[in-house]
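See below for the structure under consideration.
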Amino acid sequence: MIHRKKITPFHVLGMLVAAVVVFAVVMPYIWMLLTSFKTTPEIMKNPDKILPISWSISGYIKVLTRSPFFQWFTNSLVVAASVTLLVLLTSSLTGYIFAKYRFPLKNLLFWLILASMMVPFSVTMIPNFLIINTLGLYDSLAALIVPMMVSGFGIFLCRQFCEDIPDSICEAAKIDGAGDLRIYFTIILPLLRPCLAALAIFTFLESWNDYLRPLIMLEKVDSMTLPVALSFFSTQHGNDLSATMSAAALVMLPVTILFLVFQKHFIKGIALTGGK
Amino acid sequence: MKNNRFVYTILTPIFICMIVFTLLPILIGLGVSLFDYDPLAVNSPFVGLDNFKKLVSDDVFLVALKNTVVFVLVTVTLNIILALLIAQAISSMRSNKTRSFMRVIFFMPIVAPLAASSIVWKVMYANKYGLFNNILSSMGLPTHNWLGDPAWLLPAIILFTIWADIGYNIIIFSAGMDGIPQDFMDAAAIDGAGPLRRFFFITLPLLGRTTAFVITMTLISHFQMFAQFEIMGRSAGSPGGGGPNNVGMVLTLEIYKEAFKYKNMGYASAIALVLFLIILVVTVISQRISRTDWRY
């Protein structure tokens, strides 16, 4: 028999409060979607109606036909995917080296990694722009990928996880004749999977959602990534609320759906790494 | 293990990349701040500490500094208190499914780009067609021009930022609370401690290290908030953001505007160094104050 506690008025009140709070948190999403299905004249004429009087997808059609939306989406995808793959590679390799190897200057180099984690981008955006300009990468997607290839946080995280892998496994593989890279690919990488999954999620999100860096580094409309492109679109079509909300929905929904599908991994990842 | 050739072959490119894009920029920033540097000008004279002296009498900088401090203090305080309360409420829910549902809901705003949700909220705050004014007027309450009124701009952005960012902290606090052994709660309950006392005398002290971490990380990230100030503070009168007459200006936006709109890179670098110093000091202080020795 399952012992059930009695439901008291206190619990009912708690559930009511919870329901109201949940509704308040998701309200912007609901409102964004409902507004995106109205036409702009309808939004102007009946601002007090929550539901669209006649459902319309004219806002979405306008976004997809009047702007290079697919180009923007591809740009975002190329940048976020490249950054994520590169960060996984550099972080796991460096983490492995710092956890399992002895070499001169190790402490100084690790201190440099920690120091690099403390440097905020808002502080270094001007020199970063100057460096990217000197390298000839201005207004190219590479300007968003190259500076992000190495992540101090990623290295730190991977080193923590590599230290939990017993040295004896690596030593044994070495005696059996495995080279350094072979140990990395066949032993370290598979054991790092939970850590890399969490790191991949954070890195992808950070890159996909980044606003300030692409705002500085990109100029042409065709080379923009989604957040900057959306901001640009909303100033271009400032009076067309329907199109603006449709564009916002098209930007917000893919990540939100991805999150809802993989929510367990997301939340486990945060708890695992302490977030960022 | 030892193999210097392997180690240095891998580490050299990685460290070059890291130094060029994170550590070298600090030195360059220091250098640039001593010049009247404009990338388009023919010559950029050395001005010594003039850029820093100019800060003291620059009204926009002073407003930005004040707004940044007010925004960070209010938002972080509210964020931490609410996150603790909500995490506690979630962890006291009985069914596992409800608990994870609540976590998912609160985390949802985190995954959306801040720039996109800023645009949605900007329309929600709109004077005529916005959601907030509709709700207020339908209840017979006075409406406000939220983003156009100097008195309401900052509170409106604070409310948005809490909505957008609180999910992280709720998840971290919730994970911390799940890690507290149930025995402690049971023992306290047997001794007659109610839920409130259990929260203040067991949960809170045992979460000390988590809280210290959360406060530091939240402070650092909030000092750098940018998108909402640029987007929500943008209007016909202030196309670059920051609100009417810069009433909603913050340091990050000021650095961006000075450097990339007005091309005063030397002056903008001086502001960037001030921001760096503030973040550094605040990080050290918050680490010191919140250091606790509670363990379990």
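All of the numbers you see were taken from the coordinates with simple rules; none came from a lab. As the structure is a prediction and not an experimental result, all values here were calculated from the model. Because the Cβ atoms are built from the backbone with ideal geometry, glycine has one as well, and the counts that use them run over all protein chains shown.
What angle do you read, to the nearest 10 degrees and between 0 and 90, between the alpha-carbon axis of helix B:96-111 and the longest principal axis of chain B?
Helix B:96-111 and the main axis of chain B meet at about 10 degrees.
I'd like the distance between the alpha-carbon centres of the stretch A:210-250 and the stretch B:134-154, rounded to an integer number of Å.
The stretch A:210-250 and the stretch B:134-154 have Cα centres spaced 26 Å from each other.
Determine the sum of side-chain charges near residue B:118: Lys and Arg each +1, Asp and Glu each -1, restricted to other residues whose C-beta is under 10 angstrom from that of residue B:118. Please list the in-between numbers first.
On the way: positive: B:122, B:234; negative: B:230.
That sum, taken over residues with Cβ under 10 Å, equals +1.
For the stretch B:178-196 and the stretch B:238-291, what is the centre-to-centre distance using only Cα atoms, to the nearest Å?
If you average the Cα positions of each part, the centres end up 45 Å apart.
On a straight-distance basis, which lysines could pair with residue A:106 in a cross-link, Cα separation under 26 angstrom, same-chain partners fewer than 8 positions away excluded?
Answer for residue A:106, where 26 Å is the Cα cut-off: A:174, A:276, B:2, listed by chain and number.
Once Rh is set to the Kirkwood radius over Cα pairs, what Stokes-Einstein translational diffusion coefficient, in µm²/s, holds for the stretch B:58-289 at a temperature of 10 °C and a viscosity of 1.306 mPa s?
Values: Rh = 19.6 Å.
Once the numbers are plugged in, D ends up at 81 µm²/s.
Taking neighbour counts of Cβ atoms within 10 Å as a proxy for exposure, in what order, fewest first, do B:230, A:219 appear? Don't jump to the answer; show the numbers that get you there.
Working: B:230 24, A:219 9.
Neighbour counts put them in this order, fewest first: A:219, B:230.
Hey, with R₀ at 45 Å, roughly what FRET efficiency would residue A:34 and residue B:56 work out to, going by the Cβ-Cβ distance, to 0.05? Provide the component values of the computation, followed by the final result.
Values: r = 50 Å, r/R0 = 1.10.
The calculated FRET efficiency here is 0.35.
Which FRET efficiency, nearest 0.05, do residue A:22 and residue B:288 yield, Cβ-Cβ r, R0 60 Å? All intermediate terms of the calculation are to be shown ahead of the outcome.
Values: r = 38 Å, r/R0 = 0.63.
For residue A:22 and residue B:288, the calculated efficiency is 0.95.
Work out Dmax and Rg for the protein assembly as shown from the C-alpha atoms and quote the Rg first, both in angstrom.
25.2, 85
How much net charge surrounds residue A:214 when only the other residues with a Cβ under 15 Å from the Cβ of residue A:214 are counted, with Lys and Arg +1 and Asp and Glu -1? Kindly include the intermediate steps, with their values, before the conclusion.
Numbers: positive: A:213, A:220; negative: A:139, A:206, A:210, A:219, A:222, B:230.
So the environment of residue A:214 carries a net charge of -4.
Taking Cα centroids, how far is the stretch A:117-154 from the stretch B:45-115 in Å?
Here the answer is 24 Å between Cα centres.
What ranking of B:262, A:29, A:211 emerges when the number of other C-beta atoms within 10 Å of each C-beta is taken as an exposure proxy, fewest first? Write out the running numbers ahead of the final one.
On the way: B:262 12, A:29 18, A:211 23.
Ascending Cβ contact count within 10 Å gives the list B:262, A:29, A:211.
Connecting C-alpha atoms closer than 10 Å in a GNM of chain B, tell me which of B:13, B:150, B:195 has the biggest fluctuation.
Fluctuation is largest for B:13.
Using the structure shown, select from B:53/B:263; A:268/B:122; A:62/B:261; A:62/B:257 the pairs with a Cα to Cα distance greater than 21 angstrom.
A:268/B:122; A:62/B:261; A:62/B:257
At a 10 Å Cβ-Cβ cut-off, how would you order A:150, B:76, fewest neighbours first? All intermediate terms of the calculation are to be shown ahead of the outcome.
Numbers: A:150 26, B:76 22.
The most exposed by this proxy come first: B:76, A:150.
Averaging sequence separations of C-alpha pairs under 8 Å and six or more residues apart, then dividing by the length of chain B, give the relative contact order as a whole percent.
On the way: 327 pairs, mean separation 78.6, N = 296.
Relative contact order here is 27 percent.
Under 20 Å between alpha carbons, and skipping anything fewer than 8 positions from residue B:97 in its own chain: which aspartates and glutamates qualify?
Once the sequence-local aspartates and glutamates are set aside, what remains near residue B:97 is B:178.
Report the local net charge at residue A:101: Lys and Arg +1, Asp and Glu -1, summed over other residues whose C-beta lies under 9 Å from its C-beta. Numbers along the way, then the final one.
Details: positive: A:100, A:102, A:106, B:2; negative: A:180.
Within the 9 Å Cβ shell, the charges total +3.
What shape does chain A have by the C-alpha gyration tensor, where a ≥ b ≥ c are the square roots of the eigenvalues, rounded means a/c under 1.5, and otherwise prolate means a/b greater than b/c and oblate the rest?
Verdict is oblate for chain A.
Each label point is 7 Å from the Cα along the Cα-to-Cβ direction; what then is the distance between the points at residue A:171 and residue A:103, in nm?
If labels sit at residue A:171 and residue A:103, their model points lie 2.1 nm apart.
Relative to the longest principal axis of the C-alpha atoms of chain A, give the angle of the C-alpha long axis of helix A:241-261, reported between 0 and 90° and rounded to the nearest 10°.
The answer is roughly 40 degrees.
Reachable aspartates and glutamates from residue B:66, Cα under 19 Å, same-chain residues fewer than 8 places away excluded?
Qualifying aspartates and glutamates at Cα under 19 Å: B:58, B:149, B:230, B:254, B:258.
Over the stretch A:68-236, calculate the relative contact order: mean separation of alpha carbon pairs under 8 Å at least 6 apart, over the residue count, as a percent. If you can, show how the numbers build up before the last one.
Numbers: 160 pairs, mean separation 72.9, N = 169.
Over the stretch A:68-236, the number comes to 43 percent.
Find the eigenvalues of the gyration tensor of the Cα atoms of the stretch A:139-212, then list the square roots of 5 times those eigenvalues as equivalent ellipsoid semi-axes, largest first, in whole angstrom.
The equivalent ellipsoid of the stretch A:139-212 has semi-axes of 31, 14, 9 Å.
As I understand it, the value is the acute angle between the Cα axis of helix A:121-134 and the longest principal axis of the Cα atoms of chain A; what does it come to in degrees, rounded to 10?
Helix A:121-134 and the main axis of chain A meet at about 80 degrees.
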